[in-house]
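The structure appears below as structure tokens.
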Amino acid sequence: MSFLDPAVRLVGRLTFRQKMHATVLLFGAPLIVALGVIVAGLGARVSAVAHERDALAVQLPALTLLAEMHQYLAATQAWREGGEALADEVAASRARTQQAYAAFAAALDARGLGALGAARGNWLKAWRATLDEVAEADADRLSELHSELRASLRGELDRINDAAGLLVDGQTSSSRLLDVVSGQLPELIDTTGNAARL
């Protein structure tokens, strides 16, 4: 251990105060740097979790809007084909669809996801304005409006989920759940809605 002798002699010549300063420099500074790296990593993960939470929070309002539009279209189709008794159900279904739209728009705005850019952010408002103008008796335009909503809504959910990192979750348990929420549940709603129309 003779190679440590110079260091031992140097430390022996230092005062207690100088030894404390040297200890802080040798051990404290690296620990502070390591702590800073850990805190920065935790901050980034918390931010990522907040984005994931925001994306998950809009799933239910979006799927509710999709389901209500399916039901509205099915009710209007049955009413036009001779189910005069369904006139009240058509009006109620239209009101539920408009409420679902308002809930989805509010969820987007509350989570800061409403400002999606001029090209992407205005499709929802344009869709609502068209829904307000289209009469229940206009079967073709309602069907087109339904198709527009379905394509735009599914595309927007995919973009939101992708931006939040929900579609690349590495944990098997949460990946399965996210697949059910973002992939299988919308398909189930579409299938149920198509069955109601048929």
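Here the simple spin-label model places points 7 Å from the Cα toward Cβ, and for Ala102 and Ser147 these points are separated by 3.0 nm. Derived scalar couplings between HN and Hα for the stretch 150-160 equal 4, 5, 5, 5, 5, x, 5, 4, 4, 5, 5 Hz in order, rounded to whole Hz, by the Karplus curve 6.51 cos²θ - 1.76 cosθ + 1.60 (θ = phi - 60°), x for Gly and Pro. Neighbours of Ala151, meaning other residues whose beta-carbon lies under 12 angstrom from its beta-carbon, give a summed charge of -3 when Lys and Arg score +1 and Asp and Glu score -1.
With a cut-off of 12 Å between beta carbons, the residues surrounding Asp190 carry a summed charge of +2, where Lys and Arg count +1 and Asp and Glu -1.
Accessible surface for the stretch 20-61, divided over its residues, is 72 Å² per residue with a 1.4 Å probe.
Note on Asp138 and Thr23: the model spin-label points, each 7 Å out from Cα along the C-beta direction, lie 8.2 nm apart. Stretched out straight at 0.36 nm per residue, the stretch from Thr191 to Arg13 would grow longer than its current Cα-Cα span by 55.8 nm.
The values are calculated or read from the model by the stated rules, or taken from the named source; none is laboratory data. Given the structure is predicted, the values throughout are model-derived calculations rather than measurements. Don't worry about glycine lacking a Cβ; one is built from the backbone with ideal geometry, like all the others, and counts go over all protein chains shown. Only protein heavy atoms, including side chains, enter the accessible area calculation; ligands, DNA and RNA are left aside. Shrake-Rupley method; radii C 1.70, N 1.55, O 1.52, S 1.80 Å.
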